[in-house]
Amino acid sequence: MKILMVCLGNICRSPLAEEVMRSKIEKYGLNAEVDSCGLGGWHVGEPPDDRAQRTALKHGLNISHQKCRKITLNDFDDFDVIYAMDNEIFRNLSQIAIPARKPQEKIKLFMNELYPNENRPVPDPYSGGMSQFEEVWKMIDAGCEGIAKRM
Ligand code: 4NP
């Protein structure tokens, strides 16, 4: 099972989701791989945002090795499930997949594995402070736990 976590910049939410999911894969011994990317190319090649790095470290995960990349059409073939962090990301992923005839049923709203009938986007913390990153961490940790338990 190949899992792709997608946010806007690939420096805040999806790098956290990538590493948290990797830790759950290890914790539960799952046969899965995980990667992350962004819709935008503003930070390509950069490590995650310093606030995301500090939040991860606080919870025992190091994300400093990650490098920002932008989504490609091949990602829709290479991954089995593509998790969008919020509704705008979900819509944008569909808008990329549909005209390119890529399988849009692979695209899911991240928090829907934990709360199937609710709309709970992971909010963009980029213009927020450390408390926003902590909130995002909590959602992502719970969301990844939900994904792992369904696997
Ligand atoms: P992310 O946050 O989507 O969680 O990585 C953002 C990071 C960068 C930007 C926007 C959101 N940006 O506009 O550069």
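Pairs under 7 Å by beta carbon, first residue loosely packed, with under 11 Cβ neighbours inside 10 Å in the stretch 60-73, partner modelled with pLDDT of 95 or more, six or more apart or different chains?
Cβ pairs passing all conditions: Asn62/Ala56.
Taking Gln132 as meeting all but one of (1) more than 14 Å from Arg13 (Cβ to Cβ); (2) open to solvent by 50 Å² or more (accessible area, probe 1.4 Å), write down the number of the exception.
(1)
Just one of (1) touching a strand residue (DSSP E or B) at 6+ places or on another chain (Cβ under 7 Å); (2) under 18 Å from Asp35 (Cα atoms); (3) not β-branched (Val, Ile, Thr) trips up Ala97, so point out which.
In the conditions (1) touching a strand residue (DSSP E or B) at 6+ places or on another chain (Cβ under 7 Å); (2) under 18 Å from Asp35 (Cα atoms); (3) not β-branched (Val, Ile, Thr), Ala97 misses (2) alone.
Which one of these does Asn112 not meet: (1) open to solvent by less than 20 Å² (accessible area, probe 1.4 Å); (2) under 18 Å from Leu16 (Cα atoms); (3) of a type outside the set (Lys, Arg)?
Asn112 satisfies every listed condition except (1).
Evaluate the following for Glu26: is it free of Cβ contacts under 8 Å to residues at least 24 places away in the same chain, farther than 18 Å from Leu109 by Cβ and open to solvent by 10 Å² or more (accessible area, probe 1.4 Å)?
yes
Among (1) open to solvent by 10 Å² or more (accessible area, probe 1.4 Å); (2) part of a helix (DSSP H, G or I), there is one condition Ser14 misses while meeting the rest; what is its number?
Checking Ser14 against (1) open to solvent by 10 Å² or more (accessible area, probe 1.4 Å); (2) part of a helix (DSSP H, G or I), the one that fails is (1).
The values are calculated or read from the model by the stated rules, or taken from the named source; none is laboratory data. Just so it is clear, the structure is predicted and the values come from calculations on it, not from any experiment. Backbone-built Cβ (ideal geometry, glycine too); neighbour counts: all protein chains shown. Remember, those area values only see protein heavy atoms, side chains included, never the ligands or the DNA or RNA. Shrake-Rupley method; radii C 1.70, N 1.55, O 1.52, S 1.80 Å.
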